[in-house]
Every structure is written in C-alpha cells, then in structure tokens.
Amino acid sequence: MGPVELLHMSVFSQSFSPCGRFLAAGNNYGEIALFSLAAALSPDATAANQKPVLTFTAHEGPVFSLLSTDSVLLSAGNGEVSAWNWTELIKKNVKPLWTKRPNYKSSLEIPEINSMAINPRDDSLAIGAGDNNVHILDLEHGAFKATLQGHTDYVHCVCIREREAELLSGSEDGAVRMWDCRTGQSVHCIEVHKYESCARPQHGKWISCLTTDSDWMLCGGGPSLSLWHLRSLSPTSVFPLSGCQRRAAFHQDMILAVGDGAFVSHCLLGGEVKGQIPCTPPSLNTLQLNTKSSEHRVLTVGGGSSKIDVFTNLSYRAFSLSF
C-alpha cells in the first residue's frame, strides 16, 4: 500500500481474539490487519511489533464491523458477512469458513452492513444494514431466519439487551427501536431527536452509536450522547460533548465515548465530562476494551488515520499500532 492510500486510510472496526492476545482491525479498503498485542506490549517491543503480523483483503468495500465469537472472527463488508477461524488466522491461513449475504429486496444495489451483535441466548447474529432492516442469522445452521422491519432509513447500530431478550437498533431515521428477540416485533420506538434536552438540529437526527448495560442505554449521533433508563424510557443524563459521537461504552462507573475530535471523552454517569484524552487520529470511529485477557487489558481506538492508539492506562496513550 502506497503513501497516498495510507494517508486516506480510515479504521472502522476492531475486535480482540478470544484469547485476548491479538487485535483485528478493519479499514476502508476492505482489509483486515491482525496485530499481536502480546508482542506490542512486551517490555522489549520494537517498532516492528507495532505493525500487523498479517494483513489481508477480506471484502471489496470497507469493513464497517468486526466481531469475535469463541472461535471465529466475523467481518462485514460490501453487503456480506464472512467468518474466519481465529486459530487459522493466527497461523496466517487466510480462508473464510463461509460468506453469507442477507436476502436483500433489490439485487441492483448492495446495502452496506454497518453493525453486528451476537445474541448468546439462541446463537444468532443481528445485522444492521443499509436496506433499513435488521437481519437475523442463525449461526448454528447458517441460515437467515428473520428480518426486522420498521426503520425507514439506514440502520447504523445494533446491540443486545440479553437479560430482557431484546435487541436495540439505531438508525439514520432518528429512531432507536427495541425488538422482542422471540417474536421479532418492535416493542418500543424512541425518537431521540424529539426530546428537547437531546436534540441538536444542526447535526441531524441520525443515531450512530448505541450500547446497553441491563436497564440502561447510551445513544447519540446527531442528538447529544445521552443516558436512558429503559424501564421508564426517559433520558437521565445528557453529555455536553461537541460533534457527533460514533462509539460509546460503559466502563466501571464511567462512560467512554469517541467521535468527532482527536480524543476519548471520559464521562460520569451524572452527565459531567471528566476529561478528554488526546489521540492520534483526527476523528474516531471505533473504541474497544480488551476484557478477554487480564495480561493484555487495553483500550484501543481507531478512526481517520492508519494508526490505532493503545491505552494501557485510560488517562494517556501508550503507543500506536499502524497498518
């Protein structure tokens, strides 16, 4: 890859291996890079250890979403989902186990897949797509078993509320929909931009980030990032962050958020912004916490750059991995 391609690279997605020793990252060129965290974090690491141990082209279009199961890396790009065996990837054997494409209505345009989430209850994969639908793939049998229809524009993000057997989806149409996983019916629809405390008409109404923690939901995008209580379906905190947030995560008694701007925002549940930690990319698309390995417990963030920042301590960037 030449200097011009590197200059225009964006990292859209990340996922840690089941053992927590490797990080996979997907970019706008359809490539997935595999980094060895064990090597990059070792005391005698060199610059070479911050480069990928493997880079391969997985899809024709950008890799907007990556997700790991106990044994497989799932990647989404160009309207399809592919599965790669982690053990084989670590051995540098690049061959997908399978590639599936949802049943789109039109064969002319290929809707992108923006987000994926695994429902552990029934071993299914929820896929948020550019055809305004959420497609449900049965991972055990390899067949699509349901299409959740209700959004009127792109679905940007999906997440599972496991205890309640609910799936949440956020869309360009400004709505967060809550679906009953058993029936496939939409049980609630929250139009975040209609709440005065969250609305930011200058940024639009689209929902670009969504995550849950039992009875709580974080969502944002055009509207301000906000914390919602799902039993009362009301916002309890609104975070005064400028720009659009693209990813957010609950971490201990804090919220981590990234989006427009070269920083990770640390927010308190009450709504205060505790700090903003500088990053290398000018804007950020992806944030991932490695909870799978106590030895390699890091936060990694990527965005409008070929570099992925690694935080061993949440209050400062330790070093950067680079494509």
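Here are the numbers for the structure shown:
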| read-out | value |
| --- | --- |
| So ALA262, is it out of contact with any strand residue (DSSP E or B) (no Cβ under 8 Å at 6 or more places or on another chain), surrounded by fewer than 22 Cβ atoms within 10 Å (Cβ to Cβ) and of a type in the set (Gly, Ala, Ser) | no |
| Pair list, Cβ < 8 Å and 6+ apart or interchain, from region 115-133 residues that are closer than 15 Å to VAL155 by Cα and without any contact (Cβ under 8 Å) to a residue 40 or more places away in the chain to residues that are open to solvent by 10 Å² or more (accessible area, probe 1.4 Å) and of a type in the set (Lys, Arg) | ASP131/LYS105 |
| Region 70-83, residues that are of a type outside the set (Asp, Glu) and out of contact with any Phe, Trp or Tyr (no Cβ under 9 Å at 6 or more places or on another chain) | ASN78 |
| Residue that is farthest from LEU97 (Cα to Cα), among those in region 134-173 that are surrounded by fewer than 16 Cβ atoms within 10 Å (Cβ to Cβ) and aliphatic (A, V, I, L, M) | ALA165 |
| Flag if ALA40 is in contact with a strand residue (DSSP E or B) (Cβ under 6 Å, 6 or more places away or on another chain) and buried (at least 21 other Cβ atoms within 10 Å of the Cβ) | no |
| Residues being open to solvent by 10 Å² or more (accessible area, probe 1.4 Å) and more than 19 Å from the chain's Cα centre (by Cα) - total across region 174-185 | 6 |
| Of all residues in region 25-69 being modelled with pLDDT of 95 or more and charged (D, E, K, R), the one that is farthest from ILE308 (Cα to Cα) | GLU31 |
| Pair list, Cβ under 9 Å, 6 or more apart: region 15-28 residue under 18 Å from ALA76 (Cβ atoms), other residue acidic (Asp, Glu) and part of a strand (DSSP E or B) | ALA25/GLU31 |
| Selection from region 221-258 of residues that are of a type in the set (Gly, Ala, Ser) and on the phi > 0 side of the Ramachandran plot | GLY221, GLY243 |
| Strands (runs of 3 or more DSSP E) contained entirely in region 196-259, each with at least 2 residues that are within 24 Å of PRO278 (Cβ to Cβ) and open to solvent by less than 30 Å² (accessible area, probe 1.4 Å) | 207-213, 216-221, 245-251, 254-259 |
| Given (1) open to solvent by 10 Å² or more (accessible area, probe 1.4 Å); (2) in contact with a strand residue (DSSP E or B) (Cβ under 8 Å, 6 or more places away or on another chain); (3) among the β-branched types (Val, Ile, Thr), number of the condition ILE32 does not satisfy | (1) |
| Output for region 115-161, where each listed residue is in contact with a helix residue (DSSP H, G or I) (Cβ under 8 Å, 6 or more places away or on another chain) and either among the acidic types (Asp, Glu) or in a strand (DSSP E or B) (or both) | ASN119 |
| Tabulated pairs, region 170-195, first over 13 Å from MET217 (Cα atoms), second loosely packed, with under 15 Cβ neighbours inside 10 Å and among the β-branched types (Val, Ile, Thr), C-beta under 7 angstrom, 6+ apart or interchain | ASP173/THR152; TRP179/VAL187; ASP180/VAL187 |
| Region 131-174, residues that are under 22 Å from LEU73 (Cβ atoms) and in contact with a Pro (Cβ under 7 Å, 6 or more places away or on another chain) | HIS135, PHE144, GLU162 |
| Selection status of SER320, small (Gly, Ala, Ser), out of contact with any helix residue (DSSP H, G or I) (no Cβ under 6 Å at 6 or more places or on another chain), outside any strand (DSSP E or B) and surrounded by fewer than 21 Cβ atoms within 10 Å (Cβ to Cβ) | no |
| Qualifying residue in region 294-312 (condition: among the polar types (S, T, N, Q), under 30 Å from LYS194 (Cβ atoms) and touching a strand residue (DSSP E or B) at 6+ places or on another chain (Cβ under 6 Å)) | no |
| Strands (runs of 3 or more DSSP E) fully within region 43-89 counting 2 or more residues that are out of contact with any Ser or Thr (no Cβ under 9 Å at 6 or more places or on another chain) and either closer than 22 Å to LEU6 by Cβ or open to solvent by 50 Å² or more (accessible area, probe 1.4 Å) (or both) | 54-57 |
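The values are calculated or read from the model by the stated rules, or taken from the named source; none is laboratory data. This is a predicted model, so every value here is computed, not measured. Don't worry about glycine lacking a Cβ; one is built from the backbone with ideal geometry, like all the others, and counts go over all protein chains shown. Accessible surface areas use protein heavy atoms only, side chains included; no ligands, DNA or RNA. Shrake-Rupley method; radii C 1.70, N 1.55, O 1.52, S 1.80 Å.
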